[in-house]
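This report concerns only the one structure given below.
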Amino acid sequence: MLVLLGTVPAGIAGAGGSPTASDPAAGSAGALESTAVSTATAESSAATKTDAEAAAMAEADDILHRTIELRHLPDRPDVYEAEFTFDIPEPMSSLTVDLEDEAEVQSTDGFEATDEGTYRWTGDGEAPSIRVRLPADRTGTGARVDSSRSGYSFVDTGEWGVVPVPGVSVSYRREADVSIGIEETVTVDGPGATGGDIAVFGPVTEYERTENGETIRLVVPEAADLHEDPDDILEALGDASDRLSIAPSDEEVFVAAVPSDADWGSRGLQYGAADAWVRADAPLSEASNVWLHEYVHVHQRFANGEVGSDAEWLVEGGAEYHAASLAYEQGLISFSEFRDHVERGERSPYADGVLAEPETWGHERTDYTKGALVYGELDRQLREATDGDRRLEDIVRTLNAQDERVTAADVLAALEAAGGNELRASAERYAHTTSTPEMWSYYEHQATFGQSRTATTSGLGDEPVTVDGREWERWDRAALSGPATEIGAGDVLAVPARERVTVPVALENVDDRAGTADATLQVDGDVVATERRVLEAGERATATLVWTPAKPGIYDVRVGGDRLTVYVRSTPSLTVTDLRVEPAGVDPGETVTATASVATADSLPAAGRLAFRTASGTEHGEPIALAPGETGSVAAELTFDDAGDYEISAGERTATVSVGGIKSTVESMPGFGVAAAAVALGLAVAISTVGRRRH
């Protein structure tokens, strides 16, 4: 069943993420810009990073670092503590934090309360923090669950606890030409474990398995009596990672086996980007396999945002169907058990509801039952129509790549594009009326689902990656220095935030029959671009996929089996070491060239589009990237219409050009002189940044 993370408080832009639970039984132009971000969502720029990544980015001045430290309070099992600590980058002139409604503030350091109920950074302290207490025991799973459902979704007994990592919304002001990324690290103070969205308190044992580049962490509290062997659970989930083609793999999936003696409202819950809990007594050898059900939810990325009510059934119906199908394919259940489970959707009251109209459902589990049957029937028809080349997982992958809210119209369009008009008509009949398909037979299943896909390959093409249309260098990590040699996988790139990045993809049909090849660009587990090509046997093709990264950070980029580690940076990652202007004097209307020598500002790869500022405006140089320790230069052409001496600044360097040969007062930026920043930077911002300069 689908649940929601905390919604974004009023006045904060964006939307809350939408984790899932299951029970298988940019601002305006100007020198300063304001930005509001809900970091409760699972966007890449607010992702929980590895220790190595977090340590490496700690010195970066284009990243807002946030650490959440969770504390178990055994003597107060009704609440737990969370302490938010912020490492604020220099270009950020203000920061306001909006906490969850349930959070009770215990103490602050460097923050003050506002009349709006938020907390404003005072400008003091190197690591301002807020310590809060939150309710540990939570019932229901959010707005998408019937309010009559009882039982815990999170609970703390004092001996152990399973709690949600609290979300927080932030709004801030920054220099206009600087992008700020958000990196988050979540830790548990004391015994326990966390995946970044769910935390477990108390002694635990961890088990791991890596499949297809995806690490699955199974966390078993000491208080839990696990019904299955941990290796068997990991084998089932690893096999699902190999078989399931809904989406490319996440870097890490966190699954907690929670003690079964609590009054849980469901047998499992998937929450956040890739975290879930499952009752420890859940068996593997059943069609209603909760371990697999929650794992499928992790890969339904389209459900991380709001889903139209006419398409909600696809979330639980798809997870329920895939869980049973994977259990059958893994030999955990027989076909008769698989058939009996799926065909429940034929019976009343489930069959009486219209899937696209939740208000018509006579039973709260209609999406699990009739939804699973309809999902499976559409999968079967799609496979038949394409001789096994396409399956419903491909439709979900298309939906995962969609930025907007997914609705029934999107689902129908994707089905028609993949399987034709007849498939769309079937979807309209079974999802938008009370019509219900019949469960197929064993022989029909073997004939249809036994067909293999056309064998195709995809990976990075031979053409260069481009940024803003320019060929871009990518580095062999072995040739780099510093932390970049140890972080991520594959070659390394540094690209400026908010620039268009084009990635070449090579496709090949290695089969003896025609089929479809998918070019997919994945960033930190999210499909950001995809393209489908029909190729004849042996045919090769190329495609280009586009990604425009909005926020600085370290990103894992995948194309097929190939990986890149991409550092998205902003101008604070560059230090201007020299600025010269040629010629030193010109007539009005003539052009001068300002050239800035630049170096990396920290030990990481750097990138940005440097701003050259004058009293008459700002010009930007071409984007540049530097390997750690590398130097380079950026140039911009400037024109002045009136006679006088003009000051030009880039970074913290300045130079002067004489226009018209008349010596006069230097035309510098109002209120700034040689320490100029943006033309219209307010004095208050200048004061707030002075004194926080890092050396």
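Coordinate-derived values only; no laboratory data. Nothing here was measured: the structure is a model prediction, and the numbers come from that model. All Cβ positions, glycine included, derive from the backbone under ideal geometry; neighbour counts span all protein chains shown.
One table, with the values for the structure above:
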item	result
From the C-alpha gyration tensor of the chain, square roots of 5λ in Å	49, 31, 22
Other-chain or far-sequence residues with amide H under 5 Å of ALA136's (modelled H)	VAL79, TYR80
Span from the region 154-232 Cα centroid across to the region 504-580 one, whole angstrom	29 Å
Neighbourhood charge, 12 Å Cβ-Cβ cut-off, centred on GLU159 and excluding it, Lys, Arg +1 and Asp, Glu -1	-4
Ellipticity estimate at 222 nm from DSSP helix runs (n ≥ 4, -39,500 (n - 2.57)) divided over the chain, nearest 500	-5500 deg cm²/dmol
Sequence-distant residues sharing a close amide H with ARG405 (under 5 Å, placed H)	none
Packing-based exposure ordering (other Cβ within 10 Å, fewest first) of MET57, MET439	MET439, MET57
Overall dimensions of region 308-452 as given by Cα atoms, namely Rg and Dmax in Å	14.2, 40
Per-residue HN-Hα couplings for region 295-305 [Karplus 6.51, -1.76, 1.60; θ = phi - 60°; Hz; x = Gly/Pro]	5, 4, 4, 4, 9, 8, 5, 4, 7, 6, x
Nonlocal amide H pairs with GLY585, under 5 Å, H built at 1.01 Å	SER658
Radius 10 Å from Cβ of PHE111, net charge of other residues (Lys, Arg +1; Asp, Glu -1)	-2
From phi via Karplus (6.51, -1.76, 1.60), per-residue ³J(HN,Hα) for region 532-541 in Hz, x at Gly/Pro	10, 10, 8, 10, 6, 4, x, 6, 10, 8
Calculated from backbone phi, Karplus (6.51, -1.76, 1.60) coupling profile of region 167-181 in Hz, x at Gly/Pro	x, 8, 9, 10, 10, 8, 10, 9, 5, 4, 9, 10, 9, 10, x
Residue order, fewest to most beta carbons within 10 Å, for GLU444, GLU619	GLU444, GLU619
Residue-count net charge about LEU574 - beta-carbon cut-off 12 Å; Lys, Arg +1, Asp, Glu -1	-3
Percent of beta bridges antiparallel (DSSP, the chain, rounded to nearest 5)	80 percent
